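The values are calculated or read from the model by the stated rules, or taken from the named source; none is laboratory data. These figures come from a predicted structure and were not determined experimentally. Ideal geometry is used to build each Cβ from the backbone, glycine not excepted, and the neighbour counts take in all protein chains shown.
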Amino acid sequence: MPINRQTASFLQQRFNEVGIYPKGRHGQNFLVDLNLVDVLVRAAQLEKQDVVLEVGTGTGALTGQMAAQAGHVVTIEIDRQLHQLASEELIDVPNVTMVLQDVLRNKNNIHDTIISTVEEQLQKIEGSRFKLAANLPYNIATPLISNLLLTRITPYSMTVTIQKELADRIVAVPRTKDYSALSIWIQSLCSAEIVRIMPPTVFWPRPKVDSAIIHIVPDEKKRAAIPDIAAYQKFVRSLFFHRRKFLRSVLISSFKEELGKPDIDRIMAMVKMGAETRAEELPVERILELYNASRVVLTESGKIDDWKCR
């Protein structure tokens with residue numbers, strides 16, 4: 001399969017030939033360490049039953065390598081010039097669907113065209129699995145990873161290069177500076193591990209920060225334990241609007257239109273949390289207990305639907 005093995009010298013030559021240059025606004029930092037490209041592909045554990053979503057086609061080098069192992073690759077590129085360049089590189093690769101499209105419809109939603117395209121390919125492969133595998137542009141990594149867990153097709157796994165700071169937040173533990181709503185959201189639904197830390201030198205152009213390959217695997221048992229995934233995401237985010245505030249004050253603010261202070265005190269009592277508890281101190285299991293207690297009180301008060309719709 002005549003797909004280029006992407007190096008900095010290859011990219012510079014190819015870009016000069018066609019008169020284009022990397023665009024910072026699209027997060028175009030190309031992974032040029034071939035060993036680390038191989039690490040990313042191996043970590044994704046691709047098989048012929050897999051339909052892979054790649055966001056950021058670039059020149060098509062990673063696309064072609066994944067297509068050799070997967071059943072099908074749906075690859076998304078926002079840059080028209082790169083899309084054309086990759087089209088030329090991938091012209092003889094039959095199991096690739098290229099889409100010229102912003103993957104995000106808006107900040108909090110993945111474009112439905114992308115989901116529909118992946119679904120179409122999943123239907124063509126018996127026993128198919130959906131995987132995200134990509135060298136992600138930094139600027140879309142958080143909303144893409146977060147919101148793929150809310151789509152009608154749940155990824156079997158997500159293996160991506162992202163900013164190291166973001167990877168640290170995803171795997172963070174309570175009482176650390178990186179522990180956040182994102183940590184709880186991902187860990188409530190998935191297992192996650194950092195596969196490799198990468199310095200700026202392995203990219204062209206070089207970013208100003210370190211990167212990481214992270215492997216995230218959604219867990220069906222964890223998902224099944226949460227009655228309303230979208231409402232849970234909203235709940236978790238609300239806990240960290242003011243991360244240093246006491247939890248009671250945060251809950252009073254979050255439910256101010258639905259519940260009174262006695263209701264909040266009841267919720268706190270149900271989960272045996274004291275007045276000085278903070279969200280940043282609580283492990284995922286305790287956050288889930290707090291969410292379920294809140295649902296009970298909201299339901300008994302007849303306010304559950306009002307809160308979910310806000």
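I'm trying to understand the selection: among the residues of region 97-129, which are more than 22 Å from the chain's Cα centre (by Cα) and without any contact (Cβ under 8 Å) to a residue 60 or more places away in the chain?
Residues satisfying the conditions are Gln123, Lys124.
I need the full set of residues from region 229-285 which are closer than 22 Å to Ile304 by Cα and among the aromatic types (Phe, Trp, Tyr), in order please.
The answer is Tyr232, Phe235, Phe240, Phe241, Phe255.
Among the listed residues Lys303, Lys256, identify the single one that is within 20 Å of Phe240 (Cα to Cα) and out of contact with any Lys or Arg (no Cβ under 6 Å at 6 or more places or on another chain).
On the way: Lys303 fails: within 20 Å of Phe240 (Cα to Cα).
Only one candidate passes the filter, namely Lys256.
Could you say whether any residue in region 23-34 is farther than 30 Å from Asp210 by Cβ and either under 18 Å from the mean Cα position of the chain (by Cα) or of a type outside the set (S, T, N, Q) (or both)?
Of all residues in region 23-34, those farther than 30 Å from Asp210 by Cβ come to none.
No; the residues of region 23-34 include none that is farther than 30 Å from Asp210 by Cβ and either under 18 Å from the mean Cα position of the chain (by Cα) or of a type outside the set (S, T, N, Q) (or both).
Residues that are of a type in the set (Val, Ile, Thr), surrounded by 20 or more Cβ atoms within 10 Å (Cβ to Cβ) and either at pLDDT below 95 or in the same structural domain as Lys208 (by TED's automatic domain parsing) (or both): does region 119-137 have at least one? Working first, answer last.
Taking region 119-137 and keeping what is of a type in the set (Val, Ile, Thr), we get 125.
Within this subset, residues satisfying the condition of being surrounded by 20 or more Cβ atoms within 10 Å (Cβ to Cβ) are none.
Checked against the condition, which is being of a type in the set (Val, Ile, Thr), surrounded by 20 or more Cβ atoms within 10 Å (Cβ to Cβ) and either at pLDDT below 95 or in the same structural domain as Lys208 (by TED's automatic domain parsing) (or both), region 119-137 yields no hits at all.
Among the listed residues Ala225, Ala230, identify the single one that is hydrophobic (A, V, I, L, M, F, W, C), within 19 Å of the chain's Cα centre (by Cα) and either over 30 Å from Gln6 (Cα atoms) or outside the structural domain of Asp305 (by TED's automatic domain parsing) (or both). Walk me through it before giving the result.
Values: Ala225 fails: within 19 Å of the chain's Cα centre (by Cα).
Ala230 is the lone residue from the list that is hydrophobic (A, V, I, L, M, F, W, C), within 19 Å of the chain's Cα centre (by Cα) and either over 30 Å from Gln6 (Cα atoms) or outside the structural domain of Asp305 (by TED's automatic domain parsing) (or both).
Looking only at helices (runs of 4 or more DSSP H) that lie completely in region 258-310, which have at least 1 residues being of a type in the set (Lys, Arg) and under 14 Å from Pro227 (Cβ atoms)? Working first, answer last.
Working: elements: 261-270, 284-300, 304-309.
Correct list: 284-300, 304-309.
Looking at region 233-254, which of the residues that are under 23 Å from Leu150 (Cα atoms) and not in a helix (DSSP H, G or I) is nearest to the chain's Cα centre (by Cα)?
Only one residue tops the list, namely Phe240.
Could you go through region 59-68 and let me know if any residue there is closer than 24 Å to Glu193 by Cα, surrounded by fewer than 19 Cβ atoms within 10 Å (Cβ to Cβ) and either among the polar types (S, T, N, Q) or within 21 Å of the chain's Cα centre (by Cα) (or both). Outline the logic, then answer.
Step one: list which residues in region 59-68 are closer than 24 Å to Glu193 by Cα, which gives 62-63, 65-66.
From the residues that got through so far, the ones that are surrounded by fewer than 19 Cβ atoms within 10 Å (Cβ to Cβ) too are none.
No, there is no match, as no residue in region 59-68 is closer than 24 Å to Glu193 by Cα, surrounded by fewer than 19 Cβ atoms within 10 Å (Cβ to Cβ) and either among the polar types (S, T, N, Q) or within 21 Å of the chain's Cα centre (by Cα) (or both).
Here are the criteria: (1) surrounded by 15 or more Cβ atoms within 10 Å (Cβ to Cβ); (2) not in a strand (DSSP E or B). Tell me which single one Val209 does not satisfy.
(1)
Looking at (1) within 25 Å of Ile216 (Cα to Cα); (2) in contact with a strand residue (DSSP E or B) (Cβ under 6 Å, 6 or more places away or on another chain), which is the one condition that is false for Asn109?
Single failed check for Asn109: (2).
If I ask for residues that are surrounded by 20 or more Cβ atoms within 10 Å (Cβ to Cβ) and more than 24 Å from the chain's Cα centre (by Cα), which ones from region 87-96 would you list?
If the condition is that a residue be surrounded by 20 or more Cβ atoms within 10 Å (Cβ to Cβ) and more than 24 Å from the chain's Cα centre (by Cα), then Glu89, Leu90 are the ones that fit.
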